[in-house]
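This report refers to the structure that appears directly beneath it.
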Amino acid sequence: MKAPSSPHPVYNVGTPLTNFRDVAAMVKKYIPDAVIARLAGATDQAREGRRLCIELIREIRSIRGVRGVHVMAYRQEESVAEVIAESGVLDGRVPWYPGRDAEKQSQSQEALS
């Protein structure tokens with residue numbers, strides 16, 4: 001894979017695959033045969049799709065200059081936290097969520113009291 005010339009590329013990983021049927025339309029155009037065989041042979045195809053996504057994120061992270069990935073999880077939003085956590089992209093950082101900063105401020109004020 002050749003990285004783009006952008007100084008701060010962000011890769012779109014796409015949606016973690018949930019089963020072989022989901023990829024049938026994309027097979028010839030986008031997905032390597034090895035990925036199809038691995039997913040088709042998996043007992044838990046949704047879990048294997050998440051593993052593939054995690055591995056892809058880890059591989060993309062090794063490309064010099066990459067600043068991030070975009071994980072789309074249409075109707076599988078609950079799987080994003082697992083994929084992000086297992087991929088290691090946060091390196092111990094806590095992701096932003098609504099109210100996170102307010103909680104930190106509240107905890108800081110309580111510690112000072």
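Structure summary
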{"item": "Filter pass, R64 being without any contact (Cβ under 8 Å) to a residue 24 or more places away in the chain and farther than 13 Å from F20 by Cα", "result": "no"}
{"item": "Lone qualifier among E82, E103 - being in a helix (DSSP H, G or I), among the acidic types (D, E), surrounded by 10 or more Cβ atoms within 10 Å (Cβ to Cβ) and at pLDDT below 75", "result": "E103"}
{"item": "Tally of residues being at pLDDT below 90 and either on the phi > 0 side of the Ramachandran plot or exposed (fewer than 11 other Cβ atoms within 10 Å of the Cβ) (or both) across region 23-58", "result": "7"}
{"item": "Cβ-Cβ under 9 Å pairs, at least 6 apart or on other chains, region 83-98 side more than 18 Å from C53 (Cα to Cα), far side of a type in the set (A, V, I, L, M) and surrounded by 10 or more Cβ atoms within 10 Å (Cβ to Cβ)", "result": "P95/A81; P95/I84"}
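The values are calculated or read from the model by the stated rules, or taken from the named source; none is laboratory data. This one's a predicted model, so the numbers in the text were calculated from it and none came from an experiment. All Cβ positions, glycine included, derive from the backbone under ideal geometry; neighbour counts span all protein chains shown.
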